[in-house]
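Contents: one structure, followed by commentary.
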Amino acid sequence: MAKKQGIGLAIAAFAVYISGGIMAFGGLGLIFLMKGKDLFGWGEGRTIGYLLLCVGACFSVLGVLLMRIFRNRGLA
C-alpha cells in the first residue's frame, strides 16, 4: 500500500512542477504580447502575466521541493 501512495505523491509533485512551468511561460507570453490589452475583463494582460509568472515560479519551486522530500523520505 505504501508504494501506491508513494507513486500518487510523486505524480502530484510532478503535476505541480509541470503546471508551474506552464504558468510561468504563459505569464511571460502575456507580459510580452498583451501590453495594454484587456484580458477577458479580468484586467490588463501584462498585470495578469506578472501574476502568472510569480505564481508559476513558486509552483515550480514547490514541485521540486516536494519531489526531493518524497524521495528522501522513501515515499516515492
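The values are calculated or read from the model by the stated rules, or taken from the named source; none is laboratory data. Quick caveat: nothing in here was measured; it's all calculated off a predicted structure. With ideal geometry, Cβ positions are generated from the backbone for all residues, glycine too; neighbour counts draw on all protein chains shown. Keep in mind that these areas ignore ligands, DNA and RNA; they rest on the heavy atoms of the full protein, side chains included. Shrake-Rupley method; radii C 1.70, N 1.55, O 1.52, S 1.80 Å.
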Using the heavy atoms of the protein chains and a 1.4 angstrom probe, tell me the accessible area per residue for the chain in square angstrom. 73
Could you grab the relative contact order for the chain? Cα pairs under 8 Å, six or more apart, rounded to a whole percent. 46
With just the Cα atoms of the chain, tell me how far they stretch along each of the three principal axes, in Å, largest first. 52, 18, 13
Roll a 1.4 angstrom probe over the protein heavy atoms and tell me the percent of accessible area of the chain that is carbon or sulfur. 72
For every helix of n ≥ 4 consecutive DSSP H residues, a contribution of -39,500 (n - 2.57) applies; sum these over the chain, divide by its total residues, and give [θ] at 222 nm rounded to the nearest 500 deg cm²/dmol. -28500 deg cm²/dmol
Where does the longest stretch of the chain lie that holds no chymotrypsin sites (Phe, Trp or Tyr not before Pro) found in a DSSP loop with 14 or fewer other Cβ atoms within 10 Å? 1-39
Take F14 and L51, extend 7 Å from each Cα along the Cα→Cβ direction, and tell me the distance between the two endpoints in nm. 3.1
Restricting to DSSP loop positions (anything but H, G, I, E, B) with no more than 14 other Cβ atoms inside 10 Å of their own Cβ, which trypsin sites (Lys or Arg not before Pro) remain in the range 1-72? K35, K37
